[in-house]
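Derivation of every value follows stated rules applied to the coordinates shown; laboratory data play no part. Please read these numbers as outputs of a predicted model, since none were measured by experiment. Quick reminder, even Gly has a Cβ in these numbers, built from the backbone with ideal geometry, and neighbours come from all protein chains shown.
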Amino acid sequence: MSIDFNSLLTAEERKAVVTQRIQQLAVEAYQLTINKRVIDSQSEPNAQASGEIENNLKFLEQIIATYSEELKTLGDSN
């Protein structure tokens, strides 16, 4: 059995879901950016922690780009 999940939501509902998720991801990226600044400003910065945050930020950037592409297909140019 294969369910078409898109058909379970209206286009407006999908837009709302995608928009909300982009906002959540942006908040997460913002928080990680601040955390990285804190780590990097320490007298002995933790290079491993800073690197892990940088990797997470790159991953979040990819996810946000994918969600943004989906939003465009739903008719929103934001």
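Suppose only helical runs count, i.e. DSSP H with n ≥ 4. What mean residue ellipticity at 222 nm does that imply for the chain under -39500 (n - 2.57) per run, divided by all residues and rounded to the nearest 500 deg cm²/dmol?
-26500 deg cm²/dmol
For the chain, what's the relative contact order in percent, using C-alpha pairs closer than 8 Å and at least 6 residues apart? Intermediate results must be reported in sequence, preceding the final value.
On the way: 37 pairs, mean separation 30.6, N = 78.
About 39 percent, as a whole number.
If you place +1 on the Cβ of every Lys and Arg and -1 on the Cβ of every Asp and Glu, how big does the dipole about the Cα centre of the chain come out, in debye to the nearest 20? Working shown, then result.
Values: 7 positive and 12 negative charges, 20 e Å.
Roughly 100 debye, rounded to the nearest 20.
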Candidates for Kirkwood radius over Cα pairs in Å are (i) 14.9; (ii) 14.4; (iii) 15.4, and the calculated one carries label (ii)
Expected vector for the range 19-25, Karplus 3J(HN,Hα) from phi with 6.51, -1.76, 1.60 and θ = phi - 60°, integer Hz, x for Gly and Pro, equals 4, 5, 5, 4, 4, 4, 5
